[in-house]
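The block underneath contains the structure these notes are about, expressed in structure tokens.
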Amino acid sequence: MPHVDIVLTDNFPMLSLSLVTEPLRVANRELADRVWHWRILSTKGGIVQSSSGFELQTSPLDDRHCDIALLLSSYTPEAALAKPLLGWLRRKARTGTLMGCVDTGAMVFAEAGLLTKTPAAVHFEALQSYREAYANQVFVDRMFDLSANRCSSAGGVATFDMTLALIECFQSRDLSLRVAEILTYRPTEHSGPQQKLLAQTSLMRTDRNLGRAVDLMLAHLPDPLSISQISERLAMPEWTLVRLFKRHLKQTPSEYYRYLRLSQAKTLLQNSSYRISEIGGLCGFPNPESFARAYKKQFGLTASETRDR
């Protein structure tokens, strides 16, 4: 009978909590028994408020046995970096508990030193800054991860997939699939980069070659391919590729590629401490002046103004 301690910090995402507890509730229903048990904890106990304003009563951290310890943190995880929580996480990890985190909880795990050998899945917007801040910890660009005694999700609906993976791990794949079916959810089979999934699930449905072209662009943001190179790899004439982009995205391939690179630059400006000149280079703009012009034209703000916001 797996026991799960779900630890909340102030302004935790209610969606993540629901995507953990609801699949477990349905699993219990299918098993006709309360096999899965869970408690809701916080550092000091008492009322904890979610990011959407809902309040939940929690129990304080203690040393009772649990099989899984899951941390649901806020969009400002720095506020949760308190010694009592970090100490509790380390103690649980030392006992062999399966330790899990969702989205920004990976930063708290890194601060506790829990990711030196086993990775945590992190939202792609935060990935670069976490790797920069915690060079000796392991973060991966995946929707979710379950390896050894760690589990994690990049946030959002991926937390559902993480919970289904836990059900499969502790019970069976058949039960996991049955829970997904009851909750009218189709589990993802995607194990690669998150942004590539966006191209696979939306653009691939629109046009397979369009999705493949965007995949190539996403894989070469720092060192952009020429449009002719992309068309060669797709084994299609360049004019056909241009027509494809104009028909479905209302932009030329070059315009869309530039948009992807500038969007990545915006993410790094907002989520990392790289210098602006470094960010330009990381996004395929080796010339700082051309990066500054392109960025201002795309977003109506300078890179400095974006960082200061």
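Laboratory data are not the source of any read-out in this text; all were calculated from the coordinates shown. In this text the structure is predicted, and so the values were computed from the model without any measurement. Neighbour counts are summed over all protein chains in view; Cβ atoms, including those assigned to glycine, are modelled from backbone coordinates with ideal geometry.
Summary of computed values
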quantity: Alpha-carbon centroid distance for the pair the range 236-309 / the range 126-155, whole angstrom; calculated: 25
quantity: R0 of 30 Å, Cβ-Cβ distance LEU81-SER290: FRET efficiency to nearest 0.05; calculated: 0.15
quantity: Spin-label model distance (nm) - ASP62 vs VAL157, 7 Å beyond Cα toward Cβ; calculated: 3.8
quantity: Within the range 194-308: Cβ-based charge dipole about Cα centre, in debye rounded to nearest 20 (Lys, Arg +1; Asp, Glu -1); calculated: 380
quantity: DSSP-defined antiparallel bridges as percent of all bridges, the chain, nearest 5; calculated: 25
quantity: Estimated inter-spin distance, TYR185 and SER147, nm [label 7 Å along Cα→Cβ]; calculated: 2.3
quantity: Difference of contour (0.36 nm per residue) and Cα-Cα distance, SER172 to GLN270; calculated: 31.2 nm
quantity: Label-to-label distance, nm, for residues given as ASN28 and ALA133 (7 Å Cα→Cβ offset); calculated: 3.5
quantity: Inverse mean reciprocal Cα-Cα distance (Kirkwood Rh) of the range 3-182, Å; calculated: 16.1
quantity: Protection proxy ranking, peptides 92-101, 268-277, 247-256, average beta carbon neighbours within 10 Å, highest first; calculated: 92-101, 268-277, 247-256
quantity: Cα centroid of the range 1-24 to Cα centroid of the range 28-91, whole Å; calculated: 7
quantity: Computed FRET value (nearest 0.05) for ILE47 with THR21, which takes r as the C-beta separation and R₀ as 22 Å; calculated: 0.75
quantity: Ordering of 103-112, 46-55 by packing [mean C-beta count within 10 Å, highest first]; calculated: 103-112, 46-55
quantity: Protection proxy ranking of 133-143, 229-239 - average other beta-carbon atoms within 10 Å, highest first; calculated: 133-143, 229-239
quantity: Kirkwood Rh, Cα atoms: Rg over Rh of the range 194-308; calculated: 0.99
quantity: Using a Förster distance of 45 Å, the FRET efficiency for LYS250-ASP308 (Cβ separation, nearest 0.05); calculated: 0.90
quantity: Largest-first ellipsoid semi-axes for the chain, taking √(5λ) over the Cα gyration tensor eigenvalues, angstrom; calculated: 39, 24, 16
quantity: Additional length obtainable on full extension of the chain from LYS117 to GLN229, 0.36 nm per residue less Cα span; calculated: 36.5 nm
quantity: Subset of LYS117/LYS266; LYS246/LYS266; LYS44/LYS83; LYS246/LYS296; LYS44/LYS117 violating a 19 Å alpha-carbon distance limit; calculated: LYS117/LYS266; LYS246/LYS266; LYS246/LYS296; LYS44/LYS117
quantity: Principal-axis tilt of helix 253-271 within the chain, Cα atoms, nearest 10 degrees; calculated: 40
quantity: Helix axis angle, 208-219 relative to the chain longest principal axis, alpha carbon, degrees; calculated: 80
quantity: Sites matching GluC sites (Glu not before Pro) across the range 158-191 that sit in DSSP coil, with at most 10 neighbouring C-beta atoms within 10 Å; calculated: GLU189
